[in-house]
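Heads up: the structure comes next, in structure tokens.
Nothing in this text is a laboratory measurement; each read-out follows from the coordinates by a stated rule. Since the structure is predicted, the reported quantities are computational estimates derived from the model, not experimental observations. With ideal geometry, Cβ positions are generated from the backbone for all residues, glycine too; neighbour counts draw on all protein chains shown.
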Amino acid sequence: MATRSRPDATERVMELMMYLLARDVPKTREQIWRDTGLYAPEGNTDRLLHQSARASFERDKALIRNLGVRITETIEHDGAMSYTIRRQDYFLPDLQLTPDEQLALRFAADRVDIGETWDLEAVAKLTSAEAASVRDLEPPAAEVALETAAASQQSAGALLPALAAAAAERAAVRFTYGGRERRVQPLGLLCRAGYWYFAAIEDGTAKTFRVDRMEGDAEVGERGAFSRADVDMAGLLPSEPMEIDFGDDFVARVRIDATMAHQPTAERGKVVVRHDDGSVTVEARVRNRTAFRTWLLDMGRHAVVESPPELVNEITSWLRALAWGAGADQP
């Protein structure tokens, strides 16, 4: 296997977990190391390097278990230990949440910004099973519920193990995206703002593809089909969630009162007007409406959307629908 750039601990644990989840049969430590290239270069016999790799491997397994994911261990006929993650030990069962419960859960997750994405991922998992039932709701609750269901990434969850395995095994992938067929050399998976992205080389250029926007299944080719490219995957996506391309692109003007005007949250926009009362008007480029809403809710009553007009109407309707779905009286 070609030498790969060393991933950080989080990426390494994620790749190991996805690799084990994608395997139909358990894999030994040596097979895992060879297929993924995560721990020690193939053919290297340096004793200290292997000791360090074994320690990292054991730590990563422990971290996965601490996340609540069970790793099944099997003793092979030659005495070697093999590992796998069974799908029934990883994926959540259907909790049969009602549409009202889904709306309340989404409202709570949007309202509290903890600086991470696990809350959004949890909402996605918990609401995906009810995607069909929300069509029976009346507007405006139906609009919000359908948006929640669309963001659930049910299709993405089914593709992730295969895409992670393709990246680990250097297998080309073919899929349909944006209405046309793509043939790529995978790099790995990224998670931003609750969405999974597939990083890959297409026609010599490093790109990212949002997994839940892939159309149909992904076809994985033969392993070892290409040399691994040394690409900084994390640099392929903007660090600011509102600037990650989700299909939107507009500039929002928001007035933030004096209480929040100098807080780090407000600094995610560019100040264009400073008012005598200490409030500010900021402009923010938005390519991700969900991230914009989360930012807005984090400031609560201290922020008001000023423009564009269609965004003002959209946010007003959305907040009323959320309040209605969470049990408030209809306006």
Using the Karplus equation 6.51 cos²θ - 1.76 cosθ + 1.60 (θ = phi - 60°), what ³J(HN,Hα) coupling, rounded to whole Hz, does each residue of segment 167-180 give in order, writing x for Gly and Pro?
5, 5, 9, 6, 10, 5, 10, 10, 7, 9, 8, x, x, 9
Between Asp230 and Asp217, the two model label points (7 Å from Cα along the beta-carbon direction) sit apart by a distance in nm of 3.7
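Please give the peptides 304-316, 22-34, 73-85 ranked by average Cβ packing (other Cβ atoms within 10 Å per residue), highest first, as a rough proxy for protection. Intermediate results must be reported in sequence, preceding the final value.
On the way: 304-316: 14.2, 22-34: 16.0, 73-85: 12.6.
Top to bottom by mean Cβ count within 10 Å: 22-34, 304-316, 73-85.
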Once phi for every residue in segment 20-29 is put through the Karplus expression 6.51 cos²θ - 1.76 cosθ + 1.60 (θ = phi - 60°), the whole-Hz ³J(HN,Hα) values, with Gly and Pro written as x, are 5, 5, 7, 7, 7, 10, x, 10, 6, 4
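Where does each of 198-205, 291-298, 215-222 land if you order them by average Cβ count within 10 Å, highest first? Present the calculation step by step, with values, prior to reporting the outcome.
Working: 198-205: 16.2, 291-298: 20.8, 215-222: 14.6.
Top to bottom by mean Cβ count within 10 Å: 291-298, 198-205, 215-222.
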